[in-house]
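Read the structure below first, then the notes.
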Protein chains: 2
Amino acid sequence: MKTMKTTKTMSKQFSIGLDFGSSSVRCLIIDVVNGDEYGVDVFNYPSGEEGVLTDPDNHLVARQNPRDFIDGLIQTCRNALKEATSKDDFTVEQIVGIGIDATGSTPIPVDTDLTPLAFQEAFKDNLNAQAWMWKDHSAVDEAEKISELAEANCPDCLAKCGGTFSSEWLFSKIWHCLNCDRDVFNAAYAWIEFADFIPAMLGGVKSLDDLKINICSAGHKAMYNDDWGGYPSADFLSLLDPLIADLMERYPKKAVSIDNIAAHLSNEWSETLGLPAGLPIAVGAIDAHLGAVGAGVSPGRMVKVIGTSTCDMLVGDGTVEDIPGVCGIVEGSIIPGLTAIEAGQSAVGDIFNWFVKNICKGDNELFSELSEEAERLEPGESGLMALDWQNGNRCILIDARLSGLIVGMNLHTSQAEIYRALIEATAFGSKAIIDRIEEYGVEINEIICCGGIAEKSPLFMQIYADVLNKTMRISASSQTCALGSAIAGAVVAGVYDSVQDAQENICAFKDLEYKPIADHNEKYQKLYILYKELHDSFGVKGSHFDHSKLMKELMRLKN
Amino acid sequence: MKTMKTTKTMSKQFSIGLDFGSSSVRCLIIDVVNGDEYGVDVFNYPSGEEGVLTDPDNHLVARQNPRDFIDGLIQTCRNALKEATSKDDFTVEQIVGIGIDATGSTPIPVDTDLTPLAFQEAFKDNLNAQAWMWKDHSAVDEAEKISELAEANCPDCLAKCGGTFSSEWLFSKIWHCLNCDRDVFNAAYAWIEFADFIPAMLGGVKSLDDLKINICSAGHKAMYNDDWGGYPSADFLSLLDPLIADLMERYPKKAVSIDNIAAHLSNEWSETLGLPAGLPIAVGAIDAHLGAVGAGVSPGRMVKVIGTSTCDMLVGDGTVEDIPGVCGIVEGSIIPGLTAIEAGQSAVGDIFNWFVKNICKGDNELFSELSEEAERLEPGESGLMALDWQNGNRCILIDARLSGLIVGMNLHTSQAEIYRALIEATAFGSKAIIDRIEEYGVEINEIICCGGIAEKSPLFMQIYADVLNKTMRISASSQTCALGSAIAGAVVAGVYDSVQDAQENICAFKDLEYKPIADHNEKYQKLYILYKELHDSFGVKGSHFDHSKLMKELMRLKN
């Protein structure tokens, strides 16, 4: 990539990418020709624990204060602009577009003019009136029922989202609110995805009729598909509750991809942010999906966004079969015109954080110590095996009620051995996903990683290369989501004809590659058989295993 | 108990109990009439890690330096005597007998005059020439083969020791030495159990022909049974290796119980220790078995010795069926004339130590903190379930190659939750043993506990009461093993007609009792179903389970 195309001579143009992540928002200003950064700023959500509002009585709850999103938007935009303005060849008038990504499914209950209920005095302290963060799993019961209902009444809908409807997704959350807090449910005129809320707000959109829906959230998290005319039918939604059918009845019918304009920057927000009024704002997408764009996803080249959880993002050339156990197969949700496959793991970095912080009571220094010690271990040497389900299993089992497991401990088992086993478990979890996708004919030649862990942990990267038996590369940009958003901004501004053209110019990889070590891969193949045995045994209904050899086999591989 | 019988008027008499534990030796001097302590001293073995010599390349190895035993014997005897002598009504001439217990199976390779090979210059640094500690599991392969051979050729032998021959036991260890260190094997004229070595040494016994063999070690750890004429036949032992048959051919043929005299104190040792020459020394027994005597074991009253591992000790009234999965059923190994059942768990305190020290990197203070926090949790509240096999499973699976397992973790799981789950796991492990024994018609009405954990941890005791649904009591003496040994000393001195008579006078319980809480027991019954599912699935060959509901059931019980 990065083969510079000859572009017509023009004065510099810039695009803004806004990336609303799980704990912070980031604003990035780039030169649209080559992606050079002109300004960047980050704002950490101040509410709750690292931006997450929790319920001490229910650890499945994870909410966010929408006020944090707006405060962060304003601060980061202003600071990034200030930084850019300090450069000689930048003026604010050269900015041509804005792109936006946000976590999802993170629906926000809003009133008729699309203002969050959380901003009303009556609801400001009500957890259920806040943004329902993607990783909120309080709707496990509803998710299970939706899966059953869809299985019986709308199997196609279910097939496109991997065969199981998740508690992380839109209808589970809306239904759970209906079941647990009727006041909030009744007060909500609509539930708007985070990635639609920001563009609408910036564009001064005050009516649901004018709202542009992004295909990414709709397709991956709400069973939207043009094949059956958009969202699931009112008949189907009535099976959940007629009130949910009513709610969706007034919703916009058509969802579109990031090469569409969601709105133009309103005068009010133009003044607040110090940006030209009328700037085109691209339709949003989920952070990981625009991260995939920014990281250079293309057919055969999977992007893995590694953070507290991971997203695996692919685009398929031509027709893609339904693949059970992935999060979604949606045309145009990453790159317009190509079919996107999203998969992922509900906890990766979170598992390491849990172990180091909750169990070892350690800090960042301990991470380094454990990594160093774990790096000296051979595959299988610890005799340990773990399942990476501390936050449930997003793919390929799509089951939030699963939990973590570690087996093989003896009286000498050390912190570092468990730490390595947990990394290996997430790598095995990733292999389960990749194997499944490849079984259905989608080619995966290499993996481009982004996120802090990929950059900071050679141990993690090498284990993944060895387990997956694939070359692991790292995106050159450390903020691929914001970069992907800025690409969308450049595309809706008309600088490029397509997202791919923009990627060609803007995306790049680091020189460092992690290649599989044959001997390690061989050992991991043996260990993976045991992982898969545990995976299926504890995760797949109706599977029967004789585990009586498992501990002995771990001990044999250890010795 | 402790109903004082009218005893004939006599000047005070004293007995010495020597207790050789896993990491220390203890000498106790008691008044034979009521068990009052006149002197006590403890010596920690100085070699290795807390007295254990380990092999960095093989964590299964656990050896001990026999020199530590002798140094400890001399120091503790002299110090206990000094303390007793400071009392008005004590003189050394009033001592009437000595009893001895030691860990087992802890065989010591010796030369023709019964001196440990470890005392020879050539072998002093050779791990294989030291005492092979009970918890040495290096002979797992040999144990498995012995079980197979016994299954095919001597099923009765196997049935008496629970259906599986353990890597902790005599022939596994001898055979492993033959396989891994021919020099030591060839140099060893015999392998003498720790509990036989000390009485023989104190009695100046210099020939294998004069050695008295204790029925406890022989019966529980070496398939000895009078029904088939003692040790397994030469034909059988030749199947292991003809050299082992040769070795046992020269061994004494008859094993006896603690009411027999092993030897009389030699002049040499009389001088060294400052004790009357010619004192009768009782035949020894394994520490836990004499602990059971000291704790007051009787039909219906099980004694649980709780330490790094646990021993469950029972005596049966009348005929006792063969019970698969216990460590041994041996007539006279605890109380002469009654059939003893020994069972146990290979790690209990060791598991808590592992977690707190290795994983949490904590100290004694952390034990208190975790206990306090864990005490506030309800049964099932953590959503966790563990298997207590960090050091293999001694009963009822008798399989050293099993390992630990924890399931049910989420991203909020805390140290205290895991700590409690580990205690619960050991309680469930204990229930598996007790259920098995009761299935075979042996009555268990209450449990008398001894060991530091029983005294220090109300949390542990209450969880056990709730899981086992039995009243848990604590022995009044905190040194029941030494007390049991002193009882044996009093019996061979002729003070009592029987061990039971001595127990009647000497044994007592603390006032504090732990009674099952009905609501807790009900919850634990549900959790035990899940424990047993994991237990059988990972521990029993040919068992097939569908675990796909297990994590969900744990979550349901949690919520």
| When Rg is the radius of gyration of the Cα atoms in chain A and Rh is its Kirkwood radius, what does Rg/Rh come to? | 0.96
| query | the range B:473-531 to the range B:227-301: how many Å between their Cα centroids? | reply | 24 Å
| said: Counting only protein heavy atoms and a 1.4 Å probe, tell me what percentage of the protein assembly as shown's accessible area is made up of carbon and sulfur. | reply: 45 percent
| Residue-span extension gain [B:E93 to B:E148] - 0.36 nm each, minus C-alpha spacing | 14.5 nm
| Distance between the range B:180-202 and the range A:311-365 - C-alpha centres, whole angstrom | 61 Å
| remark: Rounded to the nearest 100 Å², the accessible area hidden between A and B, summed over both chains at a 1.4 Å probe radius, is 4400 Å²
| chain B - charge dipole about Cα centre, Lys and Arg +1 at Cβ, Asp and Glu -1, debye rounded to 20 | 680 debye
| About the Cα centre of the protein assembly as shown, what is the dipole size in debye to 20, counting +1 per Lys and Arg Cβ and -1 per Asp and Glu Cβ, all else neutral? | 200 debye
| Sorted from shortest, what are the nm distances separating the label point of B:T112 from equivalent points in the other copies, each placed 7 Å from Cα along Cα to C-beta? | 11.0
| task | Pairs of Cα atoms under 8 Å, at least six residues apart: use those to get the relative contact order of the range B:14-285, whole percent. | result | 18 percent
| task | Report the equivalent ellipsoid semi-axes for the protein assembly as shown in whole Å, largest first, defined as the square roots of five times the eigenvalues of the gyration tensor built from alpha carbon atoms. | result | 70, 29, 25
| remark: Taking every DSSP bridge whose two residues both lie in chain A, the antiparallel percent to the nearest 5 is 70 percent
| request: Obtain the nm distance between the two label points defined at A:K526 and A:E455 by a simple spin-label model: each point lies 7 Å from its Cα along the Cα-to-C-beta direction. | output: 3.8 nm
| field | Cross-link partners of A:K87 among aspartates and glutamates (Cα-Cα below 14 Å; sequence separation of 8 or more within a chain) | value | A:D31, A:D36, A:E37
| Relative contact order, percent, the range A:99-211 [alpha-carbon distance under 8 Å, six or more residues apart] | 40 percent
| Just going by the charge dipole of the protein assembly as shown, with Lys and Arg at +1 and Asp and Glu at -1 on Cβ, which of B:S24, B:A143, A:G204 is farthest out on the positive end? | B:S24
| field | Copies compared at A:I529 - label distances in nm, ascending, label defined 7 Å from Cα in the Cβ direction | value | 3.5
| note | For the A:S478, A:I74 Cβ pair and Förster radius 22 Å, calculated FRET efficiency rounded to 0.05 is 0.40
| Helix axis angle, A:364-375 relative to chain A longest principal axis, alpha carbon, degrees | 50 degrees
| field | FRET efficiency, 1/(1 + (r/R0)^6) with R0 30 Å, evaluated for A:S414 and A:R556 via beta carbons | value | 0.90
| said: For a quick check of understanding: with a 1.4 angstrom probe and all protein chains in place, what accessible area in square angstrom does B:D57 have, to the nearest ten? | reply: 140 Å²
| field | Heavy atoms of B:T308 accessible to a 1.4 Å probe, total area in Å² rounded to 10 | value | 50 Å²
| task | For an R0 of 35 angstrom, estimate the FRET efficiency from the Cβ-Cβ distance between A:D156 and A:S207 and round to the nearest 0.05. | result | 0.65
| said: Testing the spin-label approximation: label points 7 Å from Cα along Cα→Cβ at B:N34 and A:D226. State their distance in nm. | reply: 9.7 nm
| query | Residues of the protein assembly as shown: accessible area per residue at 1.4 Å, in Å²? | reply | 34 Å²
| said: Please compute the average number of Cβ atoms from other chains found within 10 Å of each residue's Cβ in peptide B:528-538. | reply: 2
| field | Lys, Arg +1 and Asp, Glu -1 on Cβ, resulting dipole of the range A:248-398 about Cα centre, debye, nearest 20 | value | 540 debye
| Given the pairs A:K304/A:K552; B:K470/B:K526; A:K558/B:K532; B:K361/B:K526, which span a C-alpha to C-alpha distance of over 22 angstrom in this model? | A:K304/A:K552; A:K558/B:K532; B:K361/B:K526
| message | Rounded to the nearest 5, what % of DSSP beta bridges with both residues in the protein assembly as shown are antiparallel? | response | 70 percent
| note | Residue span B:R182 to B:N44: 0.36 nm per residue of separation minus Cα-Cα distance leaves a gain in nm of 46.5 nm
| remark: Between the Cα axis of helix B:140-153 and the main Cα principal axis of chain B, the angle (0 to 90°, nearest 10) is 80 degrees
| D (Stokes-Einstein, µm²/s), Kirkwood Cα radius, the range B:14-285, 0.692 mPa s at 37 °C | 172 µm²/s
| request: Starting from the Cα of B:K206, draw a straight line to each of the lysines and keep only those under 25 Å, dropping any in the same chain fewer than 8 residues away. | output: B:K124, B:K173, B:K221, B:K253, B:K254
| Centroid-to-centroid separation of the range A:16-69 and the range B:44-96 [C-alpha atoms, Å] | 64 Å
| message | Relative contact order for chain B: what percent, with Cα pairs under 8 Å and sequence separation of 6 or more? | response | 16 percent
| For the range B:14-285, with +1 on Lys and Arg beta carbons and -1 on Asp and Glu, the positive-most of B:A159, B:V40, B:G274 along the dipole | B:G274
| query | Is it possible to state the helix-based mean residue ellipticity at 222 nm for chain A, with each DSSP H run of 4+ residues giving -39500 (n - 2.57), the sum divided by total residues, to the nearest 500 deg cm²/dmol? What is it? | reply | -11500 deg cm²/dmol
| What is the helix-to-structure angle for B:480-492, meaning the angle in degrees between its Cα long axis and the longest Cα principal axis of chain B, kept from 0 to 90 and rounded to the nearest 10? | 30 degrees
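The values are calculated or read from the model by the stated rules, or taken from the named source; none is laboratory data. The structure presented is a predicted model; accordingly, all values stated were derived computationally and were not measured. All Cβ positions, glycine included, derive from the backbone under ideal geometry; neighbour counts span all protein chains shown. In case anyone asks, the SASA skips ligands and DNA or RNA and just uses the protein heavy atoms, side chains included. Shrake-Rupley method; radii C 1.70, N 1.55, O 1.52, S 1.80 Å.
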